[in-house]
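Q: Sharing a structure below in structure tokens format, with a few things to ask.
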Amino acid sequence: MPVAAGLILWDKLPAELPTHWGTDGQVNGWTEKSLAVFAVPAFMLLLHLLCVFMSAHDPKRDGHPEKVIDLALCIVPAVSCLTGSVIYAAALGRSFRVTSWITAAAAALFILFGNYMPKCRRNYTLGIKLPWTLNSDANWNATHRLAGRVWVVGGFVMLLGSFLPEPAAAWVTVPVAPLAAAIPTAYSYWFYKKHGL
């Protein structure tokens, strides 16, 4: 879809397209038109195929609820379409808050995955894959119940942050994403040390 859109808009697009933005929402990186239209979606396609391959060859694939697999396999295509839309809109001179849109999209992913995380059984593709979570159903389940709550709360914090002025929107996401990963990781290690599981 991004390639098709790029071909339709080809004659209207400038020789170089904006492909990177700073935390202040201003463009600070440009890419030659053919690379932006073809190479960026091609990279996203390869990344998506890698996700499909890893999911299909997970020996514990049965641990995934089908909705979680479907959701996970929609992420890269959705990001590709969002990226293409942002690049083309900016190239055509449309004014919008890039950082806020990206923050809101990340928030939606956190909320969605936070809701499904507690439903995932132990597997090697999705979830918090640490030695002690992969070796224990009890640790896996406890860690992912906590992670689900943390990710939903973090998602709503980012969603609220997306309404802030441009630089502030980005700085809300910067600490939330690492914390959402660090808290369940630390908890899973504590659970392992306390229960030996």
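Q: Taking region 164-197 as the search range and keeping residues that are without any contact (Cβ under 8 Å) to a residue 24 or more places away in the chain and charged (D, E, K, R), which one is surrounded by the most Cβ atoms within 10 Å (Cβ to Cβ)?
A: So the residue we want is Lys193.
Q: Does any residue of region 124-137 turn out to be surrounded by fewer than 15 Cβ atoms within 10 Å (Cβ to Cβ), of a type in the set (Lys, Arg) and over 30 Å from Leu7 (Cα atoms)? It would help to see each step written out before you state the result.
A: Taking region 124-137 and keeping what is surrounded by fewer than 15 Cβ atoms within 10 Å (Cβ to Cβ), we get 129, 131, 135, 137.
Narrowing further to those that are of a type in the set (Lys, Arg): 129.
Now restrict to residues that are over 30 Å from Leu7 (Cα atoms): 129.
Within region 124-137, one or more residues are surrounded by fewer than 15 Cβ atoms within 10 Å (Cβ to Cβ), of a type in the set (Lys, Arg) and over 30 Å from Leu7 (Cα atoms).
Q: Hey, another quick one. Which residues, counting only those in region 126-177, are out of contact with any Gly (no Cβ under 7 Å at 6 or more places or on another chain) and among the acidic types (Asp, Glu)?
A: Asp137, the sole residue that qualifies.
Q: With Gly161, Gly148 as the choices, which residue is under 22 Å from Ile69 (Cβ atoms), buried (at least 19 other Cβ atoms within 10 Å of the Cβ), modelled with pLDDT of 85 or more and not hydrophobic (A, V, I, L, M, F, W, C)?
A: On the way: Gly161 fails: under 22 Å from Ile69 (Cβ atoms).
Being under 22 Å from Ile69 (Cβ atoms), buried (at least 19 other Cβ atoms within 10 Å of the Cβ), modelled with pLDDT of 85 or more and not hydrophobic (A, V, I, L, M, F, W, C) holds for just one of Gly161, Gly148, which is Gly148.
Q: Any chance region 152-166 includes a residue that's more than 17 Å from Ile111 (Cα to Cα), assigned to a helix (DSSP H, G or I) and of a type in the set (Gly, Ala, Ser)?
A: Checked against the condition, which is being more than 17 Å from Ile111 (Cα to Cα), assigned to a helix (DSSP H, G or I) and of a type in the set (Gly, Ala, Ser), region 152-166 yields no hits at all.
Q: Select from region 67-112 the residues that are touching an Asp or Glu at 6+ places or on another chain (Cβ under 9 Å) and assigned to a helix (DSSP H, G or I) and write down the one among them that is surrounded by the fewest Cβ atoms within 10 Å (Cβ to Cβ). Quick ask: steps written out before the conclusion?
A: Keep residues of region 67-112 that are touching an Asp or Glu at 6+ places or on another chain (Cβ under 9 Å), which gives 91, 97-100.
Going one step further and asking which of them are assigned to a helix (DSSP H, G or I), we end up with 91, 98-100.
On the way: Ala91: 21, Val98: 22, Thr99: 25, Ser100: 19.
Among them, the one singled out is Ser100.
Q: Checking Thr173 against (1) touching a Ser or Thr at 6+ places or on another chain (Cβ under 8 Å); (2) assigned to a helix (DSSP H, G or I); (3) closer than 22 Å to Ile69 by Cβ: exactly one of these is not met. Which one?
A: (3)
The values are calculated or read from the model by the stated rules, or taken from the named source; none is laboratory data. Here the structure is a predicted model, which means the values were calculated and not measured. Counting neighbours? That spans all protein chains shown, and the Cβs are built from the backbone with ideal geometry, glycine included.
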